[in-house]
Amino acid sequence: MMFGTLRRTVRPALEQAQLLSGLRKAQIPWRHKTHIRACAAASSATFRLHEDCLELSCGGTSMRFNYVWLRDHCRSASSYNSSTNQRNLDTGSIDLTIRPERTTVEDGQLVLTWSGGHISKYSLSWLAENCYEVKKQSTEQQRILWNSDIYKNANITAAKWDKFMSCDDELKKFLQNYLLYGIAFVDDVPATVEATEAVTQRVSLIRETTYGRMWCFTSDFSRGDTAYSQLALDRHTDTSYFQEPCGIQVFHCLRHEGTGGKTLLVDGFYAAEKLRQESPENFELLTRVPIRHEYLENTDSHQNRMTGIGPVLNVYPWNNEVYLIRYNNYDRSVINTIPHDTVRRWYVAHRELTTELRRPENELWIKLTPGKVIFIDNWRVLHGRDSFTGLRQLCGCYLTRDDVLSTAHRLGL
Ligand SMILES: C[N+](C)(C)CCCC[C@H](N)C(=O)O
Ligand SMILES: O=C(O)CCC(=O)C(=O)O
Ligand SMILES: [Fe+2]
């Protein structure tokens with residue numbers, strides 16, 4: 001997370017643990033466990049000063065804090081502006097061999113006195129929430145991974161247009177579903193581009209791309225891409241050719257007079273976790289090999305040339321949690337950044353992931369009808385469609401993930 005960009009209060013560690021235990025565990029077969037000990041609530045702790053770090057033991061957890069880190073994270077008024085949530089301290093001026101002259105634990109706080117007299121105080125709960133030892137065992141985002149049965153049995157209700165547009169609680173419930181499952185619906189939306197735009201703006205900012213801000217498309221080959229045909233599209237994520245693929249895709253079927261055209265949804269993280277369990281080496285390879293995706297369009301009215309580079313599975317290095325899947329066999333470009341033997345192993349790993357993604361029990365098929373707007377987490381859930389006949393008109397747009405998460409955090413999620 002970039003300093004200064006993300007200004008939000010961090011959910012207290014214990015609250016996060018409670019949220020986790022409140023989820024139905026049986027539905028999250030491959031969720032990483034969060035082990036947050038009672039430390040956050042503890043008012044006392046013992047410490048030891050090592051050569052390059054302070055070791056704090058509280059509530060059965062041992063945490064190690066580097067001395068420069070401690071000085072850098074001082075929350076005193078001169079070091080940190082708590083009204084803008086930004087650092088005042090010049091990190092470049094900290095002596096890299098700094099050590100505290102005096103160390104005490106009083107009233108649930110670690111108190112350090114540095115040479116020169118500056119005093120830093122850290123609450124034990126803040127330290128517990130922010131130490132590596134806890135972070136490496138927790139997830140950044142709680143999710144319920146699903147296959148078709150799990151999703152259907154969860155009986156998630158769609159938000160309703162009227163309530164959604166006026167009531168923050170309805171928006172919050174919708175976003176909670178979106179965060180947990182990677183898909184969420186709003187029903188009874190007027191079948192117009194304007195209403196679709198309004199429903200989207202209730203969530204966050206629209207991300208303009210080469211396809212426009214709000215787009216409306218049909219099988220007219222108006223763009224150089226298979227989406228603009230009547231052909232079936234296998235499961236994929238969109239805009240994998242962006243350095244930062246769009247976070248969310250919104251679809252609203254305004255009209256369909258014909259057959260077919262059902263929407264396919266697959267939880268990419270469910271498949272990825274299966275792969276991790278069954279072939280850790282193949283999973284690991286897909287997190288390491290950089291893959292290029294490309295959008296090359298050269299028609300009379302549109303010239304585009306875009307390239308995005310990144311592995312199929314993106315994981316946070318400290319806890320191995322998957323946070324983004326790039327999977328688009330149509331737009332995947334030439335593989336030329338790895339030697340031939342790694343290429344061979346990559347195809348094996350990719351095949352295994354493909355097998356998981358294609359298991360019929362993992363497929364959720366939905367017929368989008370006028371009035372039903374779907375929001376898809378394009379970093380997690382793959383979409384596709386059945387071939388179709390007749391006039392079929394879809395409108396929608398993309399959103400950036402950061403903006404949507406920010407709305408969710410504002411609502412306390
Ligand atoms: C959604 N909309 C029709 C506007 C664009 C479709 C983009 C298709 C592209 N192959 C991709 O997967 O990113
Ligand atoms: O036509 C559809 O249902 C979806 C097509 C598609 O994958 C897209 O527009 O991104
Ligand atoms: Fe797509």
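Of all the criteria given as (1) β-branched (Val, Ile, Thr); (2) under 18 Å from residue 372 (Cα atoms); (3) within 16 Å of ligand 2 (Cβ to nearest atom), the one not satisfied by residue 210 is (2). Is there a residue being touching a His at 6+ places or on another chain (Cβ under 7 Å) and of a type outside the set (D, E, K, R) anywhere in segment 354-366? So far as segment 354-366 goes, no, none of its residues is touching a His at 6+ places or on another chain (Cβ under 7 Å) and of a type outside the set (D, E, K, R).
The combined condition, being free of Cβ contacts under 8 Å to residues at least 12 places away in the same chain and not charged (D, E, K, R), is fulfilled by residue 317.
The set of residues in segment 366-392 being in a loop (DSSP other than H, G, I, E, B) and within 14 Å of ligand 1 (Cβ to nearest atom) consists of 368, 378, 379.
From the list 337, 354, 307, 287, pick out the single residue that is part of a loop (DSSP other than H, G, I, E, B) and of a type in the set (Ser, Thr, Tyr).
On the way: 354 fails: part of a loop (DSSP other than H, G, I, E, B); 307 fails: part of a loop (DSSP other than H, G, I, E, B); 287 fails: part of a loop (DSSP other than H, G, I, E, B).
Matching residue, one of 337, 354, 307, 287: 337.
Among residues of segment 376-388 that are touching a residue at least 24 places away in the same chain (Cβ under 8 Å), those with a Cβ under 7 angstrom from a residue that is of a type in the set (S, T, N, Q) and more than 10 Å from ligand 2 (Cβ to nearest atom), sequence gap 6+ or separate chain, pair up as 388/259. Restricting attention to segment 224-234 and to residues that are in a loop (DSSP other than H, G, I, E, B) and near ligand 2 (Cβ under 10 Å from one of its atoms), the residue that is surrounded by the fewest Cβ atoms within 10 Å (Cβ to Cβ) turns out to be 231.
Figure legend. Inter-residue proximity from segment 188-217: first residues more than 21 Å from residue 171 (Cα to Cα) and in the same structural domain as residue 407 (by TED's automatic domain parsing), second residues within 16 Å of ligand 3 (Cβ to nearest atom) and small (Gly, Ala, Ser), beta-carbon distance below 7 Å, spacing 6+ or different chains. Indicated pairs: 215/396; 217/227. Contact annotation: residue pairs with Cβ atoms under 9 Å, 6 or more positions apart or on different chains, pairing a residue in segment 223-242 that is within 10 Å of residue 327 (Cβ to Cβ) with a partner that is small (Gly, Ala, Ser) and more than 9 Å from ligand 3 (Cβ to nearest atom), are 235/268; 237/268; 240/308; 240/310.
Of the listed requirements (1) away from ligand 3 (no atom under 16 Å from the Cβ); (2) over 22 Å from the mean Cα position of the chain (by Cα), residue 252 misses just one: (1). Could you list all residues from segment 371-404 that are within 14 Å of the chain's Cα centre (by Cα), away from ligand 3 (no atom under 15 Å from the Cβ) and crowded, with 19+ Cβ neighbours inside 10 Å? Of everything in segment 371-404, those that are within 14 Å of the chain's Cα centre (by Cα), away from ligand 3 (no atom under 15 Å from the Cβ) and crowded, with 19+ Cβ neighbours inside 10 Å turn out to be 401, 404. Pairing residues of segment 114-133 that are modelled with pLDDT under 95 with residues that are surrounded by fewer than 19 Cβ atoms within 10 Å (Cβ to Cβ) and assigned to a helix (DSSP H, G or I), at Cβ distances under 6 Å and at least 6 apart in sequence or on separate chains, gives no pairs at all.
Take the conditions in contact (Cβ under 8 Å) with a residue 40 or more places away in the chain, under 16 Å from the mean Cα position of the chain (by Cα), surrounded by 17 or more Cβ atoms within 10 Å (Cβ to Cβ) and within 15 Å of ligand 3 (Cβ to nearest atom) and apply them to residue 368. Does it pass? Don't jump to the end; show me each part of the working.
Numbers: in contact (Cβ under 8 Å) with a residue 40 or more places away in the chain: yes; under 16 Å from the mean Cα position of the chain (by Cα): no; surrounded by 17 or more Cβ atoms within 10 Å (Cβ to Cβ): yes; within 15 Å of ligand 3 (Cβ to nearest atom): yes.
Against the criterion (in contact (Cβ under 8 Å) with a residue 40 or more places away in the chain, under 16 Å from the mean Cα position of the chain (by Cα), surrounded by 17 or more Cβ atoms within 10 Å (Cβ to Cβ) and within 15 Å of ligand 3 (Cβ to nearest atom)), residue 368 does not qualify.
When only residues in segment 235-292 that are within 14 Å of ligand 2 (Cβ to nearest atom) and charged (D, E, K, R) count, which is surrounded by the most Cβ atoms within 10 Å (Cβ to Cβ)? Among those residues, the one meeting the criterion is 235.
The values are calculated or read from the model by the stated rules, or taken from the named source; none is laboratory data. What you see is a predicted model; the values in this text were computed from it and never measured. FYI the Cβ positions are ideal-geometry reconstructions off the backbone, even for glycines, and counts take in every protein chain you see.
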